[in-house]
Amino acid sequence: MTQKVLVVEDEMKIARWVREYFEKAGFDVLLAHDGPTGLALARGERPDIMILDIMLPHSPSGEPMDGLDVCRIIRRESDLPIIMLTARAEEVDRLIGLELGADDYVVKPFSPRELVARAKAVLRRVRPTTTREEILRAGHLVVDVTRRTCAYGDEAVELTPTEFELLATLMRHRGRPLTRAQLMDFALGETYIGYERTIDVHIRNLRRKIEPDASNPTYVETVFGVGYRFADEE
């Protein structure tokens, strides 16, 4: 089945450029040039992944909604994979998108080939090729790797693809400290290019979802000077 990408970008030249490369890669491409239109397409067309510019203009009706607003709303409603586009060079601006649940970011100017490669990498994390059943358990936490589900007790936990891969990676290496670089390689792939600090943001988001008390984590522990580790079973 052909995968569908939604590109929300107000600069027409960049939008057409990105569409061309994704179509060459075999994707169906939807385009939106403002936040409300992008949000409507995400809800109605159910794309496989969204490429979302942070800086978006008001809609034709005058409704203000930038990429961060769209990301915030989408993340409340679904686990649609999201890659943010940003023209801002400051690291803090890129991390804001990750705080809201984006899976990755690309800084302008960028190579469209790199963007397509990053999208494919995120989609591989959503749809792994393995069919071998793998269920990871720790206390009330159950991660079904095969079905891509996570539950805490009787409650389903909605994780982004990146959060899911990080949790599964940590649980597979239970008790072993992993550096941020190792987590990027194991969970995000050796081709991932990004700041190691982005791992901290994803871990913080993950803790909010799986820890009884995110300020005092019992599952995902910080190993100071190293990185993170999933706690040994008591």
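The values are calculated or read from the model by the stated rules, or taken from the named source; none is laboratory data. The structure displayed is predicted, hence computed values, not measured ones. In this analysis, Cβ positions are derived from the backbone assuming ideal geometry, glycine residues included, and neighbour counts consider all displayed protein chains. To get the accessible areas, we keep the full protein, side chains included, count just its heavy atoms, and leave off ligands, DNA and RNA. Shrake-Rupley method; radii C 1.70, N 1.55, O 1.52, S 1.80 Å.
The table that follows gives values for the structure above.
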| read-out | value |
| --- | --- |
| Virtual paramagnetic centre 7 Å along Cα→Cβ of HIS173, amide N under 17 Å, in segment 213-234 | 219-233 |
| Amide H within-cut-off set for ASP104, under 5 Å, with H built and near neighbours excluded | ILE82, MET84 |
| Which of ASP232, ASP103, ASP48 is most accessible, then next, and so on - probe 1.4 Å | ASP232, ASP48, ASP103 |
| Reach of LYS120 by Cα under 17 Å, taken over lysines that are not fewer than 8 positions away in the same chain | LYS4, LYS24 |
| Carbon plus sulfur fraction of accessible area for the chain, probe 1.4 Å, in percent | 49 |
| Note, ³J(HN,Hα) from phi for segment 168-179, Karplus 6.51, -1.76, 1.60, rounded to Hz, x at Gly and Pro | 4, 4, 5, 5, 5, 10, 3, x, 9, x, 10, 6 |
| Accessible surface, per residue, of the chain when the full set of protein chains is kept, probe 1.4 Å, Å² | 50 |
| Vicinal HN-Hα couplings computed from phi for segment 63-76 (Karplus, 6.51 cos²θ - 1.76 cosθ + 1.60; Hz; Gly/Pro x) | 6, x, 7, 8, x, 5, 4, 4, 4, 4, 5, 4, 5, 6 |
| Sum of -39500 (n - 2.57) over DSSP H runs of 4+, divided by residues of the chain (222 nm, nearest 500) | -11500 deg cm²/dmol |
| Stretch gain in nm, segment GLU134-LYS108, where the contour uses 0.36 nm per residue and the Cα spacing is subtracted | 5.5 nm |
| Within the chain, percent of DSSP bridges classed antiparallel, to nearest 5 | 50 |
| Lys, Arg +1 and Asp, Glu -1 on Cβ, resulting dipole of the chain about Cα centre, debye, nearest 20 | 580 |
